[in-house]
Amino acid sequence: MDKKETGEYVTMHDSRSGKEFRFALLDGSVGPSVIDIRKLYAETGYFTYDPGFTSTASCDSRLTYIDGDEGVLLHGGYSIEDLAEKANYLEVCHLLLHGELPTQAQYDTFSHNITTHTMLHDQMQYFFRGFRRDAHPMAIMVGAVGALSAFYHDVTDISDENQRMIASHRLIAKMPTLAAMAYKYSVGQPFIYPDNSLSYAANFLKMTFGTPTQEFSVPDSVVRVMDQIFILHADHEQNASTSTVRLAGSSMANPFACISAGISSLWGPAHGGANEAVLDMLHQIGTKDRVPEFIKRAKDKDDPFRLMGFGHRVYKNYDPRAGVLKASVRQVLDELGVADEPLLDLALELERIALEDEYFVQRKLFPNVDFYSGIILKAMGFPTSMFTVLFALSRTVGWISQWKEMHEDPQKRIGRPRQLFLGEDRRDFVDIAQR
Ligand code: ACO
């Protein structure tokens, strides 16, 4: 649906000028209404001040809805719990990119389009060789995905709908290949070419953990876990990295450059880098008896330590993605043959104590998706440095769907926030000798 003029409005009384201004209330399909302030500056001469965008809707979107108070996440109206249990990742990709879950015929075509784009231009492997072997794989991903613009410039005309779609397919298809190559490069093993006979998740696992010297096989249950992790990270509304992609795209930058910008934003420990930071934190805590000491540190404003994997800008309730992972983590570890994982016991204890603590209760700080994902990824054999890469791989469909949605919006404009200026007003230049 389109945003609706409700006929209602809010009134702003300006005590400086004594004037009154009216701003229309707009309704979406569900969720809070918004105050339409697009003409605020033109009419009042004021900007709004909202660092961190805590009260600002930067766009309208039809892809993903979050009710942070209730802990609800919907893609195209379908709950994340249903999608994680009943769909596969490519179905969710179709839902995000095309707005609907695919019919069987649509699925076959879509999956064929993705599968036949998994291989990279062969020259890309020489690009990889320019990196140090100990480079963080996220550093490689930022560079390699940006470099795709130099290899696939036949689809960088963003005004062409067909090119936008092919670029989207290529990105979804090639991210697993790039991610696996970043891993292989770091461990000094040869790159493994994609295998188009495999599913999206199975192909990624083969490119990551297979070698040319022996037949690769992985249990279906493990492929399913990988696929579920991809689904849980597929999109998440206007978070920092998605907003970065939209902002970069608003200047008409090419899609590969925009996704590379999103990867950079995701890398930070306050965002996607938290899954790596959670495991580092659990290792640092070490044993259950030290949990209270670290809870105390997390509450101390003079201590930079925070509980990683805890808290969220939007969720003031349990992150439903963390709920899905928590519910399945034991079973997944069993399937992976990990009988005893002390980090899981530690994480459960940390969550238990934090959720009883007044500080966390009052601030509504709950585990987020990163809290349990790392434990599963570790059990699957991924090094911690790959965790955020897996997040980037999964989120590529969300980024590119949001980027595409922005370009399809006839009202799109370059993103250009303003500021409250606190620096010096105009002053006379002082020669260096007199300063
Ligand atoms: N540990 C301890 N205290 C916390 C934590 C935490 N993890 N998170 C928030 N708080 C406190 C803040 O200090 C603040 O306290 P105050 O009101 O006394 O000043 C209060 O809770 C509100 O926190 P904000 O920083 O205002 O919340 P914001 O929405 O800006 O930040 C964020 C959200 C970045 C996720 C934050 O909770 C955090 O740093 N968490 C740890 C990192 C993490 O897990 N990131 C992953 C996020 S999910 C994702 O990107 C997939």
Practice item. Please specify each residue of the range 237-250 satisfying the condition of being within 16 Å of the ligand (Cβ to nearest atom) and open to solvent by 10 Å² or more (accessible area, probe 1.4 Å). Key: E237, Q238, N239, A240, S243, T244
Point to revise | Within the range 1-87, strands (runs of 3 or more DSSP E) holding 2 or more residues that are on the phi < 0 side of the Ramachandran plot and modelled with pLDDT under 95 | key: 4-13
Check your understanding: Given the structure, is G188 under 23 Å from the mean Cα position of the chain (by Cα), of a type outside the set (K, R) and surrounded by fewer than 19 Cβ atoms within 10 Å (Cβ to Cβ)?
Key -> no
Check your understanding: Has the range 237-254 got at least one residue that is touching a residue at least 24 places away in the same chain (Cβ under 8 Å) and in contact with an Asp or Glu (Cβ under 8 Å, 6 or more places away or on another chain)?
Key -> yes
Review point. Tally time: how many residues in the range 35-51 are in contact (Cβ under 8 Å) with a residue 24 or more places away in the chain and within 23 Å of E405 (Cβ to Cβ)?
Key: 1
Check your understanding: Are any of the residues in the range 224-236 open to solvent by 10 Å² or more (accessible area, probe 1.4 Å), within 14 Å of the ligand (Cβ to nearest atom) and out of contact with any strand residue (DSSP E or B) (no Cβ under 9 Å at 6 or more places or on another chain)?
Key -> no
**Study point:** Residue count for the range 92-106, restricted to those that are of a type outside the set (V, I, T), open to solvent by 50 Å² or more (accessible area, probe 1.4 Å) and out of contact with any Gly (no Cβ under 9 Å at 6 or more places or on another chain)
**Key:** 4
Point to revise | Test: F110 is open to solvent by 50 Å² or more (accessible area, probe 1.4 Å) and either of a type in the set (F, W, Y) or within 16 Å of A182 (Cβ to Cβ) (or both) | key: no
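The values are calculated or read from the model by the stated rules, or taken from the named source; none is laboratory data. Note that the coordinates shown come from a computational prediction; the quantities given were computed from them, not determined experimentally. Neighbour counts are summed over all protein chains in view; Cβ atoms, including those assigned to glycine, are modelled from backbone coordinates with ideal geometry. Accessible surface is based on the protein model in full, side chains and every heavy atom, while ligands, DNA and RNA are left aside. Shrake-Rupley method; radii C 1.70, N 1.55, O 1.52, S 1.80 Å.
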